1. Expected output is a single nm value to one decimal: the length gained when fully extending between Ala82 and Leu20, i.e. 0.36 nm times separation in residues minus the C-alpha distance. What is it?
2. Starting from the alpha-carbon convex hull of the chain, give the projected area averaged over all orientations, in nm².
3. Measuring with a 1.4 Å probe in the full set of protein chains, what accessible area per residue, in whole Å², belongs to the chain?
4. Place a +1 charge on the Cβ of each Lys and Arg in the chain and a -1 charge on the Cβ of each Asp and Glu, then give the dipole magnitude about the Cα centre in debye, rounded to the nearest 20.
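The values are calculated or read from the model by the stated rules, or taken from the named source; none is laboratory data. In this text, all values refer to a predicted model and were calculated from it rather than measured experimentally. Note: ideal-geometry Cβ built from the backbone for every residue, glycine included; neighbour counts use all protein chains shown. Surface areas here come from the heavy atoms of the whole protein model, side chains and all, with no ligands, DNA or RNA. Shrake-Rupley method; radii C 1.70, N 1.55, O 1.52, S 1.80 Å.
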Amino acid sequence: MSAVSAERIDAALRAAITPLDSLQVINESEQHRGHAGYSDGNTHFRVRIVSPCMAGLARVARHRLVYDALRDVIPQGVHALAIEARSPAEAAAPT
């Protein structure tokens with residue numbers, strides 16, 4: 001059984017990335033039932049994060065911040081991680 005949960009991802013990100021305006025960790029594993037990497041329903045996650053730390057960073061640098069924060073969690077069974085990282089100004093801008 002996987003040691004990963006949305007709560008564990010949430011806690012790791014909150015501990016590593018400050019300040020943090022908003023954070024959502026969504027378990028999308030059931031959408032991938034039967035696909036490669038699916039095991040126990042805790043393998044596919046989406047992270048939506050808004051932080052001033054993201055301002056001025058390229059997309060790759062933003063993703064590195066998230067991956068660095070989760071370096072101890074990902075090897076525990078994360079197969080897929082979708083990241084939506086924005087600055088507060090980007091999050092407030094109309095789409």
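1. On the way: separation 62, 0.36 × 62 = 22.32 nm, distance 1.82 nm.
Contour length minus the Cα-Cα distance gives 20.5 nm.
2. Values: hull surface 25.1 nm².
For the chain, the mean projected area of the Cα convex hull comes to 6.3 nm².
3. Working: 5560 Å² over 95 residues.
It amounts to 59 Å² per residue over the chain.
4. Values: 10 positive and 10 negative charges, 47 e Å.
The calculated dipole for the chain is roughly 220 debye.
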